[in-house]
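Novice: Pasting a structure here, questions to come.
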Amino acid sequence: MRLTSEQSLVLIVDMQAGLLPVIEHGDQAAREAGWLGELAMSIDVPVWLTEQYPQGLGGSEPALLEALPNCRVWQKLHFDAHAEPEFAEALKASERRQIVICGTEAHICVMQTGLGLLEAGYEVYWVVEASASRRAAEATLAKERMVQAGAVAVSADMVAYEWLHRCDDERFKQAHRRFLKPRASRALDF
């Protein structure tokens, strides 16, 4: 079950401006999701965002929309995005079978969407550091439940390097300069 850029789609669930301020580690989750989304778009992996009842919770985090200008945004009422008929049809039509999922709240909409995707036969990859809830314990519990249901827990770095696959081509060199090297440098800052 190795991720490939040709089969992957990044799904960022409900990272909404009105919700993120009450999410434990919400800023970190949004940064990780944005980083992975930008890298994905640079290598032609589609990025989709969902918005749960934006009239009440606000639209997607503006910084995400700015970083991901060509993403597809879906508004939804179901907690499980895959339960929305238009979403399910578009996903099927995309022919992408590996769904890299993250967002908020991990134990509600992210988990229910992940379960719906698993039930529909998709491979689901749960980006741990980009999935958060109001209480961190609920995000952890959601990840555990998803893994028991058949999802694979991954980090953003794991996904990036699997997509890139090798270090001797131009695609890797560009991604390394723009995304990987700056990320590694920040990790070394004290």
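Novice: Here is a check on your reading of the model: is SER94 in contact (Cβ under 8 Å) with a residue 60 or more places away in the chain, of a type in the set (Ser, Thr, Tyr) and surrounded by 18 or more Cβ atoms within 10 Å (Cβ to Cβ)?
Specialist: Details: in contact (Cβ under 8 Å) with a residue 60 or more places away in the chain: yes; of a type in the set (Ser, Thr, Tyr): yes; surrounded by 18 or more Cβ atoms within 10 Å (Cβ to Cβ): no.
Taking the combined requirement at face value, the residue does not satisfy it.
Novice: In the list ALA93, ALA67, which residue meets the criterion of being modelled with pLDDT under 95 and either farther than 17 Å from MET1 by Cα or in contact with a His (Cβ under 7 Å, 6 or more places away or on another chain) (or both)?
Specialist: That would be ALA67, the only listed residue that is modelled with pLDDT under 95 and either farther than 17 Å from MET1 by Cα or in contact with a His (Cβ under 7 Å, 6 or more places away or on another chain) (or both).
Novice: For the stretch 98-190, which helices (runs of 4 or more DSSP H) that fit wholly inside it have 2 or more residues that are acidic (Asp, Glu)?
Specialist: Values: elements: 111-119, 136-149, 156-164, 170-175, 181-188.
Counting at least 2 such residues, we get 136-149, 156-164.
Novice: Do we find a residue being of a type in the set (Ser, Thr, Tyr), at pLDDT below 95, closer than 21 Å to GLY114 by Cα and surrounded by fewer than 16 Cβ atoms within 10 Å (Cβ to Cβ) anywhere in the stretch 4-22? Lay out the reasoning, then the answer.
Specialist: In the first step, residues of the stretch 4-22 are kept if they are of a type in the set (Ser, Thr, Tyr); the result is 4-5, 8.
Adding the requirement that they be at pLDDT below 95 leaves none.
Within the stretch 4-22 (the criterion being of a type in the set (Ser, Thr, Tyr), at pLDDT below 95, closer than 21 Å to GLY114 by Cα and surrounded by fewer than 16 Cβ atoms within 10 Å (Cβ to Cβ)), the answer is no, since none of the residues qualifies.
Novice: Going by the conditions given, is LEU65 surrounded by 17 or more Cβ atoms within 10 Å (Cβ to Cβ) and not in a loop (DSSP other than H, G, I, E, B)? Lay out the reasoning, then the answer.
Specialist: Working: surrounded by 17 or more Cβ atoms within 10 Å (Cβ to Cβ): no; not in a loop (DSSP other than H, G, I, E, B): yes.
The answer is no for LEU65.
Novice: Okay, moving on. Looking only at the stretch 68-81, which residues are part of a strand (DSSP E or B) and out of contact with any Asp or Glu (no Cβ under 9 Å at 6 or more places or on another chain)?
Specialist: ARG72
Novice: With the structure loaded, tell me whether ARG31 is charged (D, E, K, R), at pLDDT below 95 and on the phi < 0 side of the Ramachandran plot or whether it fails that test. Before the answer, list the steps.
Specialist: Values: charged (D, E, K, R): yes; at pLDDT below 95: yes; on the phi < 0 side of the Ramachandran plot: yes.
Judged against the criteria, ARG31 is a match.
The values are calculated or read from the model by the stated rules, or taken from the named source; none is laboratory data. What you see is a predicted model; the values in this text were computed from it and never measured. A quick note on method: Cβ atoms are made from the backbone with ideal geometry, for glycine too, and the neighbour counts reach across all protein chains shown.
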